[in-house]
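These notes concern the structure reproduced below.
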Amino acid sequence: MKLVDEPIKDLFVLEPNVFEDERGYFFESYSRNRFHDLGITHDFKQDNQSLSVFKNVIRGLHFQKPPHAQAKLVRAVLGSVYDVVVDIRKGSPTYGEHFGIELSAKNKLFLFIPEGFAHGFETLEDNSLFNYKCSSMYNKESEGGILWNDEDLDIKWNSKNPILSEKDKFHPKFIDFESQFVYKST
């Protein structure tokens, strides 16, 4: 596993070492030791997986509030997604900025998302299977979200008419959001 980019401090784009031959490929999708060598020392406690049957599904922008905040390691297992994170750490030089990247079964990229980021994704293909490793357990009372299409965030989603859950249609706008996350400079 190697670090490819750090577009926002503490947010890492990772690429596995892939071994391919005529049968297909093999790669290590998680190794505690290798991730620790890269500075990702989180103890992942829960794995989640979502299948979006249709293209143009948007899920997000989600996070869990402290003390149940989650760091995530995400990737597309099948299909492809446009993955987006928004920095919601008060005091961060990139507070309110977003980063987007295509994650796909083809490019095999991972995104490590530390605590303090809202996260969402849009499926770019039918039958996109998405995997999340989370550093803390799901806690319903700690759920939070920001409106996916907030004009102030200016996220360039691909779909003009996405498929959304009822919950994701009514998250607050960023300007109305009061973050409980604080940026820790290192």
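The values are calculated or read from the model by the stated rules, or taken from the named source; none is laboratory data. Worth saying up front: this structure is predicted, and the values here are computed from it rather than measured. No Cβ is skipped: glycine too gets one built from the backbone with ideal geometry, and neighbour counts run over all protein chains shown.
Specify which of the listed residues (SER142, SER104) is free of Cβ contacts under 8 Å to residues at least 60 places away in the same chain and either of a type in the set (Gly, Ala, Ser) or on the phi > 0 side of the Ramachandran plot (or both).
On the way: SER142 fails: free of Cβ contacts under 8 Å to residues at least 60 places away in the same chain.
Among SER142, SER104, only SER104 is free of Cβ contacts under 8 Å to residues at least 60 places away in the same chain and either of a type in the set (Gly, Ala, Ser) or on the phi > 0 side of the Ramachandran plot (or both).
Scan region 63-114 for residues that are out of contact with any Cys (no Cβ under 9 Å at 6 or more places or on another chain) and either part of a loop (DSSP other than H, G, I, E, B) or at pLDDT below 95 (or both) and report the count.
20
Can you pull out the residues in region 29-60 that are hydrophobic (A, V, I, L, M, F, W, C) and under 15 Å from VAL74 (Cα atoms)?
Listed by number, the residues that qualify are PHE35, ILE40, PHE44, LEU51.
Pull out all pairs, ordered by first then second residue, where Cβ-Cβ is under 6 Å, the residues are six or more apart or on different chains, the first lies in region 2-13 and is farther than 17 Å from ARG34 by Cβ, and the second is part of a strand (DSSP E or B) and aliphatic (A, V, I, L, M).
Close Cβ pairs satisfying both conditions: ASP5/VAL13.
Looking at PHE170, PHE177 in this structure, which one is without any contact (Cβ under 8 Å) to a residue 40 or more places away in the chain and farther than 30 Å from ASP37 by Cα?
Sole residue among the options that is without any contact (Cβ under 8 Å) to a residue 40 or more places away in the chain and farther than 30 Å from ASP37 by Cα: PHE170.
Please find, among TRP148, TRP157, the residue that is among the hydrophobic types (A, V, I, L, M, F, W, C), crowded, with 21+ Cβ neighbours inside 10 Å and not in a strand (DSSP E or B).
Numbers: TRP157 fails: crowded, with 21+ Cβ neighbours inside 10 Å.
Going through TRP148, TRP157 in turn, the sole match is TRP148.
For region 36-50, check the following and say yes or no: at least one residue is modelled with pLDDT under 95, farther than 17 Å from GLY116 by Cβ and hydrophobic (A, V, I, L, M, F, W, C).
Checked region 36-50: at least one residue is modelled with pLDDT under 95, farther than 17 Å from GLY116 by Cβ and hydrophobic (A, V, I, L, M, F, W, C).
Within region 14-54, restricting attention to residues that are among the β-branched types (Val, Ile, Thr) and within 21 Å of LYS184 (Cβ to Cβ), which residue is surrounded by the most Cβ atoms within 10 Å (Cβ to Cβ)?
For region 14-54, the residue satisfying everything is ILE40.
For SER165, work out the one condition from (1) over 13 Å from GLY60 (Cβ atoms); (2) surrounded by fewer than 20 Cβ atoms within 10 Å (Cβ to Cβ); (3) small (Gly, Ala, Ser); (4) at pLDDT 95 or above it doesn't fulfil.
Failed condition: (1).
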